[in-house]
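This report refers to the structure that appears directly beneath it.
Coordinate-derived values only; no laboratory data. Because the structure is predicted, anything quoted here is derived from the model rather than measured. Every residue, glycine among them, receives a Cβ derived from its backbone with ideal geometry; neighbour counts consider all protein chains shown.
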């Protein structure tokens, strides 16, 4: 079967390109490597460019050309979604060349690379906290940067992710019916995240836990726990009178009031 001409041409270009890359990678000619790396970079062929820049970085170590090489290498890694290594190389750049004209951009891209390593909220958030630290470092170091809005948006997104993680962890105590632990965990969550968007949900879940705990308490603990649940309802109602959770909260409060009346009559 005869291939169409355009496919033949594309295949030839591919093999020629691979041949040029392999030749440059094996060559000791630094100029050849540098010229091809720049050409590939400008063509958006970052994976191939990165292979050459990795070699060039070692060849130019300690020389003036290293500044440009390290930046292009790091950016090539970023564009191939090798975020962990990109973050490392950008950090290498900003430490080695703090006064570079590219320092602002490199610091931001380092933070961005860390941001891209942040996992789903359900997983361990160590990488998210590291990303937040790097973003905050960028914000503190370059407060007038044109990238400030984007940095703040990334930080906001990551903070909300850690807050969601914290909220879901606290809620887990309700799932396993450890209501005392749930109340304490939610208290800590609210204290640690005063401006969180999950505050409303946290207060409702806490009231729900306090209600269940109070109603099912032994007699000598019941009065104090009923009063505590009632106090939590009043606080929730004061802060979120129009909450979607309010109908459920009102129904639970009716149960609390009934328990209080029963307790008082005994």
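Computed quantities for the displayed model
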| quantity | calculated |
| --- | --- |
| Residues satisfying the stated conditions in the range 89-115, i.e. surrounded by fewer than 16 Cβ atoms within 10 Å (Cβ to Cβ) and within 15 Å of residue 134 (Cα to Cα) | 95 |
| Residue list for the range 139-156, restricted to those being surrounded by 11 or more Cβ atoms within 10 Å (Cβ to Cβ) and more than 18 Å from the chain's Cα centre (by Cα) | 141, 142, 145 |
